[in-house]
Amino acid sequence: NPKKEEPKKEEPKAEAPKPAEPAPEQPKPAEPTPAEPAPAAAAPATAPAEPVQGEPKKEEPQKDEPKKDEPKKDEPKKDEGARWADAVRVAVKPFIADPAVSERSPSPSPDGKSVAYRRNVRTLVVRDVAAGTEKELRAGFDQGIDWRWSPDGRMIAFRQDDDDFNSDIWIVPADGSVAPVNVSRHPDADANPRWSSDGKVLAFASTRVENEADIYLVFLDKSLEGLSRFELDQYFKDAGEAAKKRAAAKGGEARKPDARKGDGKEEPKKDDAKKEEPGKEDAKKDEAPKPLDLEDAHMRLRRLTTMSGNEMDLEISPAGDRVYFMGTGAGGGAGGPLAALMDGGGLMSVPWSGGEAKKIGPSGSIQHMTVAGDKLVIVARGGASVVGLPGGDAKPVEFSDTIELDLAKQSDAKFREAARIMGEVFYSPTMNGCDWPKLTEKWAKLASNARTDEEFDYVANRFLGELNASHLGVRSPGGAEGTRFPVGQLGIETKAVAGGFEVRSILRDGPATKGQTPLAVGDVIVAVNGEAVKPTMSIEECLRGTVVRETVVRVKRVPAAGGDPLELDAILVPGSGGEMRALAYENTLRTNRELVDRLSGGRIGYIHIASMDQPSLDAYERDLYAAAAGKDGLLVDVRNNGGGWTADRLLASIMIPPHAYTVPRGADPSKKGHYPVDRLFIQRYSQPMSMLCNEKSFSNAEITAHAFKTLKRGTLVGIQTYGGVISTGSASLVDGTTVRTPFRGWYLPDGTDMELHGAMPDIVVPQAPEDECAGKDAQVEAAVKELMGRLK
């Protein structure tokens, strides 16, 4: 091929180029440098292309050029490459640009010949870079897409949710020649597939035991299963050495000099050229590898960690003998199994055989982690660090830079990215009837003028408000709050009177009830820590900065027997606002229990569920025994419940009908309905019951109220719930701004969307403000009356 031979004819470097232009092999400098003579192009046409051989003349400019750039004899030579990044310029152009679809998360194959990426959120696509052809490997991906190329680039392991939102690990050939195989096959969440460098070992995380994420490993080469412990140790040792050789070979290829660039190095010798020609090594590469043993992989899993909490965000060593991960040290997650997989924690490692995990790094929220040779590189919020393998300590990587921001362009880019994300993932394909592109352009004009986080959030949240949906929101990171002095609280209600603040009511078990001189209703607070109360002051001003500090509160008290008021000093320890809210909540529960007990003559128990999370479910199960044992009926209250994820666990407690009862020897056989609790998933209750809800029952609490009515478990009493039921996720913008992403709708069996359609009670009972002021709970009274009627 003559075209291939042309470079060989131009290779000689000794031939002088034309006088009017520099040699093609050398870049043309913009101006002479102090250490070099001026290029030939700057000389007259009759001047030679290269300087005349011989000794330079004394008057030559080299000696008179600025000497500040020349290193002194005693100084080390200046490293001209130290600031190479300042000279780098990158031209960016679209690789795939189709305005009708959205392509995200590109991942090149190990050989760089193909790129895998996500199309329109739910489809995994592989594109041949040279040919431009594409292959859809898997449709139906959820937005939590997660995949990895095998080291040889022949296979892809990925995580995918099914229609029941159960995620499994699948493996598929990159060319799509065979259907994907499910290698985890379990009805709990699996995620983060990671390959060893020889492709024979796969690690991933799973919540299949006690709803906590643990690390699992499987040999994809079944022959490894039959090896002894000694043989497996030797296998991993050999695999590690082979991985090092492959990495060194790749690094050597990357560092080979190119003689055509005129870098002053010798051209490759003929013997070297022969080594680069296709031969036995290339033939080995083309040999079909041994097929992976995938069909029964789910039966051969090894559980590596059994720690309390979640182990996630993992990487596997090149040899496959060790897994690195982040451990939380705490159980569960407020968002259920998948949310549990996303928790952050301490950096740890565990060997392939399991056993005790070793902590090698601090806690943090991992953004990216990868194995690079004998180093583990970690990028987290707040910085990056490097861990020397197999188990060194994490060392931070120090770096800094200065950037200039065009705030208008940044705000515009953030806004359009938020709009694009919402347009892709919002649960309603019609965007609730909105013309989303038109609205995006309308609000983008305002967003581009935002100069502060508060301004941007204000505009973006009103833009999302066009959807008229719940679980939406945009929140910028913002700056750190300034120093504040928290206000101490005594758990009292006061009224301003002449000379101070009169105590009108006292919270049970609050700070005002403790100490040698507790406060009493009717006391007038006249001074705090020796400072007299002034007419212009509020009680909050008097108690500023007193949280958990001994505080002297002087009061005037009228003796019970009458007479002149006495001045007393009470030494109290004010609490925080959160502590007072918790005490107020407990006081409300106590009041409601007493009310239900009084109205029902002790026949009905009362339980309130504060939130649909694991701690509240644990409290519910405790109260199910403490408050409902021995009762004829039960009233469950989900009013003012902000939601969560535990609706089905609660329903498992109240919806399972008895199928048998047990009687141990010596017990009264006439007593029926008893059952061993150790056989139950959760403590159950099968007696008659009712449920309370109101307009502040939200999200998962509404799902519970809907289910209670749909399944006809009892009577629903109160006010229609809020009507905000969508499963939501979140996405981050360029500056860390968070966008909530409602992606999954909830529907009743008849097709009714729970969003904007709150649960309507069987008995509607408004709760008027005057009733609350009078301490009357009309909804509780109505629920007890209706349930008592059924008990009779």
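Remarks
- Packing around the peptides 643-650, 118-125, taken as the average count of other Cβ atoms within 10 Å per residue, puts them in this order, highest first: 643-650, 118-125.
- Sorting 506-519, 530-543, 702-715 by average packing, meaning the other beta carbons within 10 Å per residue, from highest down gives 702-715, 506-519, 530-543.
- About its Cα centre, the stretch 98-151 has a charge dipole of approximately 80 debye under the convention of +1 per Lys or Arg Cβ and -1 per Asp or Glu Cβ, with nothing else charged.
- Gained length - Leu568 relative to Glu770, 0.36 nm times residue gap less alpha-carbon distance: 69.1 nm
- Fraction of accessible area attributable to carbon and sulfur, the stretch 670-792 (%, probe 1.4 Å): 53 percent
- Computed in the context of the full set of protein chains, the accessible area of the stretch 489-632 at 1.4 Å probe radius has 50% of its extent on carbon or sulfur.
- Kirkwood hydrodynamic radius over Cα pairs of the stretch 180-238, then Stokes diffusion coefficient at 4 °C and 1.567 mPa s, in µm²/s: 101 µm²/s
- Counted charge near Val663, where neighbours are those whose Cβ lies closer than 12 Å (Asp, Glu -1; Lys, Arg +1): +2
- Considering all C-alpha pairs of the stretch 633-719, those separated by over 22 Å amount to 35%.
- Across the alpha-carbon atoms of the stretch 590-664, the computed radius of gyration and Dmax are 13.6, 43 angstrom.
- Pairs of lysine residues in the stretch 367-484 that meet both criteria, 8 or more places apart or on different chains and Cα atoms under 29 Å apart, total 7.
- Report note on the peptides 759-768, 583-592, 429-438: ranked by the mean count of other C-beta atoms within 10 Å, highest first, their order is 759-768, 583-592, 429-438.
- Heavy-atom accessible area for Asp168, with the other protein chains in place and a 1.4 Å probe, reaches approximately 10 Å².
- Count Lys and Arg as plus one, Asp and Glu as minus one, and take only other residues whose Cβ is under 10 Å from that of Glu134; the net charge is then +1.
- Calculated FRET efficiency for the pair Glu594/Asp668, C-beta based, R₀ 30 Å, to 0.05: 0.40
- Kirkwood hydrodynamic radius of the stretch 661-792, from inverse mean 1/r over distinct Cα pairs, in Å: 18.2 Å
- Note on the stretch 545-633: Kirkwood hydrodynamic radius from all Cα pairs is 16.7 Å, rounded to one decimal.
The values are calculated or read from the model by the stated rules, or taken from the named source; none is laboratory data. These figures come from a predicted structure and were not determined experimentally. Please note: Cβ atoms are built from the backbone with ideal geometry, for glycine as well, and neighbour counts cover all protein chains shown. Note: areas computed on protein heavy atoms with side chains; ligands, DNA, RNA excluded. Shrake-Rupley method; radii C 1.70, N 1.55, O 1.52, S 1.80 Å.
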